[in-house]
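Read the structure below first, then the notes.
Taken together, the values in this text are just the output of simple stated rules run on the coordinates, not laboratory data. This is a predicted model, so every value here is computed, not measured. All Cβ positions, glycine included, derive from the backbone under ideal geometry; neighbour counts span all protein chains shown.
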Amino acid sequence: MASKKDNNILAALIGVCCLGILILVIIGSLLPDSTDTEENITFNVDENETTPPANNSEQNTYETSGYCYHVVDGDTIDVEGVGRIRLVGVNTPERGQPGYQEAKDFVEEMCLGKTVYLDIDDAENYDKYGRVLAVVYVDGMNLNRELLRRGYAEIMYIPPSEFDPYTWI
Ligand SMILES: [Ca+2]
Ligand SMILES: [Ca+2]
């Protein structure tokens with residue numbers, strides 16, 4: 001008798017458990033949706049700002065920094081204590097070509113008179129003109145990538161290189 005009662009109680013408990021699991025599953029299926037929505041909202045807010053911030057791991061990879069006192073053109077700047085920097089992985093139009101001035105203006109706006117952080121290309125420190133090949137970070141932003149994303153520059157990938165500009169677009 002006692003075992004039958006126990007069985008009934010057990011059956012009831014199993015029933016309650018099943019119901020509980022069912023409720024949890026339903027809640028579980030709803031929760032990720034609401035989380036996604038929150039993430040999307042946050043992401044959209046970020047996108048509406050002028051520049052998406054570079055993630056911390058990228059910011060921490062620079063080898064040196066210095067004051068940018070001159071912008072040569074959209075892909076070349078002069079940095080105090082370092083020298084002439086060629087933004088690696090990208091190419092902006094040369095003087096006289098369409099888009100030259102826009103690219104240069106953008107880089108001046110971003111870099112001129114500021115401290116820039118340089119992630120020098122570990123695979124190839126200099127180009128054939130003796131310019132330092134580097135990714136330039138300013139205000140936590142990868143400027144090389146930003147030039148590509150804004151259409152001021154095109155990819156110019158010359159291996160060997162520490163950086164793959166195709167991952168920036
Ligand atoms: Ca160029
Ligand atoms: Ca490096």
> When the Kirkwood radius is taken over all Cα pairs of region 56-167, what Stokes-Einstein diffusion coefficient follows at 4 °C and 1.567 mPa s, in µm²/s?
Replying inline: 95 µm²/s
> For residue 70 and residue 115 in one chain, what is 0.36 nm times their gap in residues minus the Cα-Cα distance, to one decimal in nm?
Replying inline: 15.0 nm
>> Using the basic label-point model (7 angstrom from Cα toward the beta carbon), what is the residue 129 to residue 101 distance in nanometres?
In response: 2.1 nm
> When ranked by the protection proxy of mean other Cβ atoms within 10 Å per residue, highest first, what sequence do the peptides 132-139, 152-159, 118-125 form?
Replying inline: 132-139, 118-125, 152-159
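What does the charge count around residue 156 come to, taking other residues whose C-beta lies under 11 Å from its C-beta (Lys +1, Arg +1, Asp -1, Glu -1)?
-2
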